[in-house]
Amino acid sequence: MGDAANGVDAQAERFAIGISFGNSYSSIARISADGKAEVIANEEGDRQIPSVLSYIEGEEYHGTQAKAQLIRNSGNTVAYFRDFLGKDFKSIDPTPCHASAHPQQSESTIAFSIRDTPSETPNSATVSEITTRHLRRLKQSATDFLGKEVNAAVITVPTNFADAQREALVASAKAAGIDVLQLIHEPVAAVMAYDARPEATVTDKLTVVADLGGTRSDVAVVACRGGIYTILATAHDYELGGASLDQIIIDHFAKEFLKKHQIDPREDARGLAKLKLEGEATRKALSLSTNAQLSVESLANGIDFGSTVNRTRFELLSGKVFAQFTGLIEQVVKKADLDVLDIDEVIFSGGASHTPKIAQLARNIFPEKTAILAPSTLISAINPSELAARGAAFQASLVQEFDHEDIEQSIHPMVTVTPHLSKAIGVEFTSSTDTTFQPLLNAETALPARRIAQYVAPKEGGDVLVRVCEGARDIKVTKPEPKAKEEKPADDEDSDFSDEDEEEEDIREIVWKTEKPVAELAVKGVKAGAKIEVMVHVNPDLGLQIAVREVGGSTAVRGAINGSA
Amino acid sequence: MAPVQVVNISLPALPSGWSAEKDFKPVGGLSAATQRNIEAVGPHFLAHARRKRHNRTFSEDERIQAKQNVAKTEDEENMDISEDEDPAMFTREAKDWKGQDHYAVLGLTKYRWRATPEQIKKAHRKKVLRHHPDKKAASGKSDENDNFFKCIQKATELMLDPVRRRQFDSVDEAAEMDPPSKKQISKGYFKAWAPVFHAEGRFSNKQPVPQLGNDDSTQEEVESFYNFWYNFDSWRSFEYLDEDIPDDGEGRDQKRHTEKKNANARRKRKQEDNVRLREMLDEVMAGDERIKKFRQQARAGKDAKRKAKEDEFKRAAEEKERARVEAEEAKKAAEESAKADREKNKKAKEAAKNAAKKNKRVLKGSVKDVNYFADGEPTASQVDSVLGDVELIMGKIDVDELAVLAEKLTIAGKDGAAVKSAWSAEGARLVGAGKVKEGELKAFA
């Protein structure tokens, strides 16, 4: 009753954001009124908010301010705690916390002993409690920015987050006043951040998402079929990330310092912390410019230090680490039983993806047609650090209006576990000279599925045969040269279309072979120059309905094949 | 709708000799599928989930979604406002805006206080499109009268200001619902009163407002309804009726005087309004059958309780009485039986005494009948010794033994030897039992 302007009906409605909660950095995003994802800056202006909390005299510091405390107040600073959530002490790797508050066992969970009150005696704060505090700060930043109480979120998690970790995260979020609508996988969020752009079209594609974070790297192969995503394979490296690159910078400057002053700044905890903090900034600067500076006051023994490094030097030093990144990507493609030729795009996500050299190396691995979505290879690429948060925000905008029950029912395995086509289905073209195959439904398409395609009829018209077949892609080595890589045995996996526009110097290419005919249909009396529309509908039980008609024609030839089930 | 791929490869011609029923020839099935987990994200997944959960096919789902979308646009169109103006409104002077019905000017009389700001904006736009002075000039009626347009502008300005809109709504007589007449009430009590409370509810600071309900409302609902209305928190105010304060700059006293008068008038009206509401509530409550019903129920409940208590008390008393009577009867019976026993005992004793007497007589008679065991006339000493022994034995034996002995003696009759042996045997038994000393007996030794 009454009008909204009177403020009479201020009902608590759901207001959801997307949160990317990482070990090193977290981001928050929201879909703005015009449908664009917008990553929210916190009160300090950071869009990548360090997942760090620090306490001085009971005062809580968060984000960049807290990160700076790693130098002077490392004992009361909690960092890199995301992966500890919902785990027991035995199964965690505490290495990243070496220079901050150390994780300790506390009953069945993990806690940090910190002085988070004005009193001198340290308190034990469980990792769940720390997460709650962190999320509460993120929520506050989002609320301040949007001017409206945020009370729900979609949060991204790594693909290998166990159920216990998920539950712990949901519980922590709830304690922070955030209703978790859904937890979604980081790589899929990244794919969605690209696919949710208004200019994007729904295509069938195979995407490699390389999420190169601060302390760990995760790579996944995601199949996108008609807008539905399926993860085909994942690979994780818990020791590889931005920190590995920072270490190279640190070592480089430490050696320089050592040479000058005969003191190793890495031996002093505070010196190392300073170098780490500045080294990270230098490494980031190198991603943008070819030269970067590092200056630390009182690095060791009160000696100030300032120096520069150029990108080439850095890239030379980091060769081994870069190889690890590319190796991880190649490994996951192999794990998915695919070939690099099958991959349609590579999305670089996570902070370390800013490093230009990594994307350039990936460019060399993948064929020309594969899109490499990283800032250094594509102007229109989205900031890799923001991908997960944007994807989460997009999902949040989709499910915001749904009831909890509705969401739960939708993400139930009953709904999400679906049969996927093991082989591509397409149409075979026989001409006088050769036989070609055109895939219509690619392998790994979730069922049920429906596709429609139009084909050109022969110029002279008349009766036409449509042969629907299962096809397999083969990798053919057309021009073997001495340098050529060894041919890989092709599996029954697919890619998009056969690459007709392939360049001549390419050695390997995809060819399609008819494997098994499924059905034949005839369209009679087709007009000259007309088009034939083929619609294939595959049921979950592998039954098919096929309809073929002349575009503009009234009658269609239909047929069904019963499923095997 | 799935996007249509267009492929520029020409299909092969039908080979000669190819034939199939209905031009369709199934050849084979598909290879086995792999089960995989799809990611629960994105609009296409939501469509997939919707189809799967509701068991819809692609085309069904598309149709249902399309229908829903259509319904939404229809709603928007229905919101459109088209009310024709009362010709009397055109003759109004713009400066008398205070007296106009703003909702009527905007064509929102159907909605009044329910109209959303969105609707007001739309209505304003619609009216402006028709009544803008330039439109009039274009149609040739250039009478230079833009009064109605000014009215529209004024109405919109006021309606879009939440504070001023409330002021107007407070005194919007057209939205006022008069209490129903007796006749209306007689037709249906709740039907008559419900719209009144619905209308009054618009002034409530607390939303939603509990409704009057019907015959079936629970006591709790009814109580919360009356509690709400007796503690009604209203935003109704009467600034709109204030007398205009002349702001000609002179007459500051005059201005203060008017202000004071206005404040008083507002307070008075507010009080009157409160009184009106309270009186109305009293009337409603007095006529509310439900209250009576609940009271009766409560009373019936109380009566039932009291009755139960009384019954209980009565029952207890009866129980006690019965117990007492029973106890008395038992006592009486016991007494009687005791008396009977006593009498019986007495009789038995007497009978025993008689029997003993008789037996003793038999005993005494037995020795007399056998002539005191003497042949011929017994001597006095003989009689003495025999009788002495008889007395001694009789004194020593009890009633039963006496009876046995008497029987034996009766059997013996007048046979002197048998009688003597019976006596002697008895004497010997008594000696054996130690009741008589050896030698004490003389005749029956």
message: Out of everything in the range B:394-413 that is modelled with pLDDT of 75 or more and not in a helix (DSSP H, G or I), what residue ends up being surrounded by the most Cβ atoms within 10 Å (Cβ to Cβ)?
response: B:Ile397
message: Let me spell it out: the conditions are (1) modelled with pLDDT of 85 or more; (2) within 28 Å of B:Ala199 (Cβ to Cβ), and B:Lys150 meets all of them except one. Which number is the exception?
response: (2)
message: Going residue by residue through the range A:159-181, is there one that turns out to be outside any loop (DSSP other than H, G, I, E, B), surrounded by 15 or more Cβ atoms within 10 Å (Cβ to Cβ) and without any contact (Cβ under 8 Å) to a residue 24 or more places away in the chain?
response: yes
message: Any residue that is within 21 Å of B:Glu93 (Cβ to Cβ) and in the same structural domain as B:Lys95 (by TED's automatic domain parsing) - is there at least one of those in the range B:113-123?
response: no
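Restricting attention to the range A:326-349, does a residue exist that is among the small types (Gly, Ala, Ser), surrounded by fewer than 22 Cβ atoms within 10 Å (Cβ to Cβ) and in the same structural domain as A:Arg225 (by TED's automatic domain parsing)?
Checking the range A:326-349: at least one residue is among the small types (Gly, Ala, Ser), surrounded by fewer than 22 Cβ atoms within 10 Å (Cβ to Cβ) and in the same structural domain as A:Arg225 (by TED's automatic domain parsing).
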query: Which of the residues spanning the range A:133-158 are polar (S, T, N, Q) and free of Cβ contacts under 8 Å to residues at least 24 places away in the same chain?
result: A:Gln140, A:Thr143
statement: The number of residues in the range A:487-512 that are at pLDDT 80 or above and within 14 Å of chain B (Cβ to nearest Cβ) is 1
- prompt: Could you give every pair whose Cβ atoms fall below 7 Å, whose first residue belongs to the range B:82-107 and is in the same structural domain as B:Arg130 (by TED's automatic domain parsing), and whose second residue is of a type in the set (Asp, Glu), counting only separations of at least 6 or pairs across chains?
  reply: B:Ala104/B:Asp86; B:Gly107/B:Glu83
Residues of the range A:192-225 that turn out to be out of contact with any Phe, Trp or Tyr (no Cβ under 6 Å at 6 or more places or on another chain), within 28 Å of A:Pro50 (Cβ to Cβ), buried (at least 24 other Cβ atoms within 10 Å of the Cβ) and within 13 Å of chain B (Cβ to nearest Cβ), as a count: 3
query: Of all residues in the range B:1-19 being facing chain A (nearest Cβ under 7 Å) and part of a loop (DSSP other than H, G, I, E, B), which is modelled with the lowest pLDDT?
result: B:Ala2
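Going residue by residue through the range B:102-111, is there one that turns out to be modelled with pLDDT under 80, in a helix (DSSP H, G or I) and under 21 Å from B:Val171 (Cβ atoms)?
Taking every residue of the range B:102-111 in turn, none turns out to be modelled with pLDDT under 80, in a helix (DSSP H, G or I) and under 21 Å from B:Val171 (Cβ atoms).
Take the range A:439-457 and flag every residue that is within 14 Å of A:Lys531 (Cβ to Cβ) and either part of a loop (DSSP other than H, G, I, E, B) or not assigned by TED's automatic domain parsing to the domain that holds A:Val551 (or both).
Listed by number, the list holds a single entry, A:Ala457.
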query: Restricting to the range A:540-564, what's the tally of residues that are within 35 Å of the chain's Cα centre (by Cα) and either outside the structural domain of A:Ile452 (by TED's automatic domain parsing) or surrounded by fewer than 19 Cβ atoms within 10 Å (Cβ to Cβ) (or both)?
result: 3
message: Within the range A:189-204, does at least one residue satisfy the condition of being farther than 21 Å from A:Lys36 by Cα and either out of contact with any His (no Cβ under 8 Å at 6 or more places or on another chain) or not assigned by TED's automatic domain parsing to the domain that holds A:Ala152 (or both)?
response: yes
task: Among the residues of the range A:441-458, write down those that are surrounded by fewer than 23 Cβ atoms within 10 Å (Cβ to Cβ) and more than 7 Å from chain B (Cβ to nearest Cβ).
output: A:Pro448
query: So which of B:Asp273, B:Asp215 is of a type outside the set (S, T, N, Q), within 26 Å of the chain's Cα centre (by Cα) and either in the same structural domain as B:Ala194 (by TED's automatic domain parsing) or part of a helix (DSSP H, G or I) (or both)?
result: B:Asp215
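To keep it simple, each residue is scored yes or no on (1) touching a Lys or Arg at 6+ places or on another chain (Cβ under 8 Å); (2) modelled with pLDDT of 80 or more; (3) exposed (fewer than 11 other Cβ atoms within 10 Å of the Cβ); (4) of a type in the set (Lys, Arg).
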site: B:Glu39; (1), (2), (3), (4): no, yes, no, no
site: B:Gly42; (1), (2), (3), (4): no, yes, no, no
site: B:Ala47; (1), (2), (3), (4): no, yes, no, no
site: B:Arg51; (1), (2), (3), (4): no, yes, no, yes
site: B:Glu62; (1), (2), (3), (4): no, yes, no, no
site: B:Gln68; (1), (2), (3), (4): no, no, yes, no
site: B:Glu77; (1), (2), (3), (4): no, no, yes, no
site: B:Glu83; (1), (2), (3), (4): yes, no, no, no
task: Sort out which residues of the range B:159-215 are facing chain A (nearest Cβ under 9 Å), exposed (fewer than 15 other Cβ atoms within 10 Å of the Cβ) and of a type in the set (A, V, I, L, M), and write them in order of number.
output: B:Val163
Counted residues, the range A:273-312 - those being without any contact (Cβ under 8 Å) to a residue 12 or more places away in the chain and either assigned by TED's automatic domain parsing to the domain that holds A:Pro356 or of a type in the set (Phe, Trp, Tyr) (or both): 0
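The values are calculated or read from the model by the stated rules, or taken from the named source; none is laboratory data. Given the structure is predicted, the values throughout are model-derived calculations rather than measurements. Neighbour counts run over all protein chains shown; Cβ positions are idealised from the backbone, glycine included.
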